[in-house]
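Data block below; observations after.
The values are calculated or read from the model by the stated rules, or taken from the named source; none is laboratory data. On a predicted model such as this, the values are computed, not experimentally measured, just so you know. When we count neighbours, we look across all protein chains shown, and the Cβ atoms used for this are built from the backbone with ideal geometry, even at glycine. The area values use the complete protein model at the heavy-atom level, side chains included, leaving out ligands, DNA and RNA. Shrake-Rupley method; radii C 1.70, N 1.55, O 1.52, S 1.80 Å.
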Amino acid sequence: MAPASFHHITNTVCVMDASGSLGFSLVERLLQRGYTVHAAVQNHDCELQFGGLSCDKKKLKILYADPFDYKSIIDALRGCCGVFYNFEPPQDQSSYDEFMTEVEVRAAHNVLEACAQTETIDKVVFTSSATAVIWRDDRKSITADFDERHWSDINFCRKFKLWHALSKTLAEKTAWALAMDRGVNMVSVNAGLVMSPDLSIKNPYLKGAAEMYEDGVFVTVGLNFLVDAHVCIYEDVSSYGRYLCFNHVVNQHEDAVKLASMLTPSAPSHPQSFDQDLRIRQQRISSKKLNKLTVDFERRPQLEN
């Protein structure tokens, strides 16, 4: 899916769901770049958080959109030429389990179907995860670095109860199948562990963290870096397919300790030991595809107001 040309009909885009850290930051960044933004949230209480935006809110429209209410999705997309979709778990189902897989897949299907039905939509940027890339039974025997061509194995994820990886893999595959069937111009961002202010030890991405670390595929991404990657991918006519997105690899003891203390600040710190593991795990995951795309992003002009 690499369109030869790409012209926006309007400068109006929809961010769905806009209530989480990524969604909120995307809304702010897009407003700063001159877009009119439909911020779609699942809960009316989320509207209050947009009072804290550090930019002009004249081009912001806050809308209620339930990913399981097709009409509300259609209403949120009306008049938009682009969509930034990232799944936020329902408030009454915040923990990842096997049930969450069904929820996330259904939500992805509904949003992509609504995009297919909305004639003004030119491009969809779908937020997925690096966990939809790295979990495979043969991961240790793969000689090449993990990249966008790899997919996590669904049976492997089920076997080891890697529910976050399973949900992200199935939801992204569902979105791709529908996008290709219906001719939707979609690009996915497979993000590492997002270093957002609300990051905690309960984040489902962390299931299997020790194995990711040993395998050299434990990657993190700064929130601002991730936001800029989304905007760059949306604005660049040459973007296509999947993009692994991260700007740090946790592959040495010092990195792991630093992350652990960030996730569990109340835990006692252990003094440095002379016999601690000083090995650096070989990085076995690549984001070269994204790096080539983003190299000139900061120099691009913003939209005219």
**Study point:** In Å², nearest 10: area of His248 left accessible to a 1.4 Å probe
**Key:** 80 Å²
Check your understanding: Hey, with R₀ at 22 Å, roughly what FRET efficiency would Glu214 and Ala177 work out to, going by the Cβ-Cβ distance, to 0.05?
Key -> 0.10
Practice item. Taking 7 Å along the Cα-to-C-beta vector as the label spot, tell me the Ser286-Gln117 distance in nanometres, rounded to one decimal. Key: 4.2 nm
Exercise for review: Pull up the DSSP beta bridges for the chain and report the antiparallel fraction as a percent, rounded to 5.
Suggested key: 10 percent
Point to revise | Ordering of 151-161, 211-221 by burial proxy (mean other Cβ atoms within 10 Å per residue, highest first) | key: 211-221, 151-161
Exercise for review: With P(r) over Cα pairs in 10 Å bins from 0, in percent in mind, check (1) 6, 27, 36, 22, 7, 1, 0; (2) 6, 26, 32, 21, 11, 4, 1; (3) 6, 28, 38, 24, 4, 0 and report the label derived from this structure.
Suggested key: (1)
Revision key, fill the gap. For the stretch 186-266 the mean separation of alpha carbon contacts under 8 Å (6+ apart) over residue count, i.e. relative contact order in percent, is 45 percent
**Study point:** Highest to lowest packing among 12-25, 224-237, scored as the average C-beta count within 10 Å
**Key:** 12-25, 224-237
Point to revise | Cα-Cα over 25 Å, subset of Lys173/Lys207; Lys61/Lys207; Lys59/Lys288; Lys71/Lys173; Lys123/Lys288 | key: Lys61/Lys207; Lys59/Lys288
Study note, to complete from the structure: the stretch 83-218: antiparallel bridges as % of DSSP beta bridges, rounded to 5, reads 0 percent
**Study point:** Helix-only mean residue ellipticity at 222 nm for the chain, each DSSP H run of n ≥ 4 adding -39500 (n - 2.57), per residue, nearest 500
**Key:** -10500 deg cm²/dmol
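Relative contact order, percent, of the stretch 1-131 when contacts are C-alpha pairs under 8 Å separated by at least 6 residues? Please list the in-between numbers first.
On the way: 206 pairs, mean separation 36.3, N = 131.
Once divided by the residue count of the stretch 1-131, the mean separation gives 28 percent.
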Study note, to complete from the structure: Expected unfolding gain across Asp138-Asp198 under the 0.36 nm per residue rule, minus the alpha-carbon gap, is 18.3 nm
Revision key, fill the gap. Note on the chain: contact order normalised by length, alpha-carbon pairs under 8 Å, 6 or more apart, percent, works out to 18 percent
Revision key, fill the gap. Computed from the beta carbon distance with a Förster radius of 35 Å, FRET efficiency for Arg158 and Gln32 to the nearest 0.05 stands at 0.25
Revision key, fill the gap. So Leu278 and Asp56, fully extended at 0.36 nm per residue minus their Cα-Cα distance, gain in nm 75.1 nm
Review point. Among Val41, Val187, Val103, whose mean-square fluctuation peaks in a Gaussian network model of the chain (Cα, cutoff 10 Å)?
Key: Val103
Review point. For the chain, modelled as a Gaussian network with Cα springs under 10 Å, which listed residue fluctuates most, Pro265, Pro204, Pro89?
Key: Pro265
Point to revise | Net length gained if the chain between Val237 and Asn43 were fully extended (0.36 nm per residue, minus Cα distance) | key: 66.5 nm
Review point. Taking the Cα centre of the stretch 85-144 as the origin and placing charges on Cβ (Lys, Arg +1; Asp, Glu -1), which of Asn110, Gln93, Ala144 is farthest toward the positive end of the dipole?
Key: Ala144
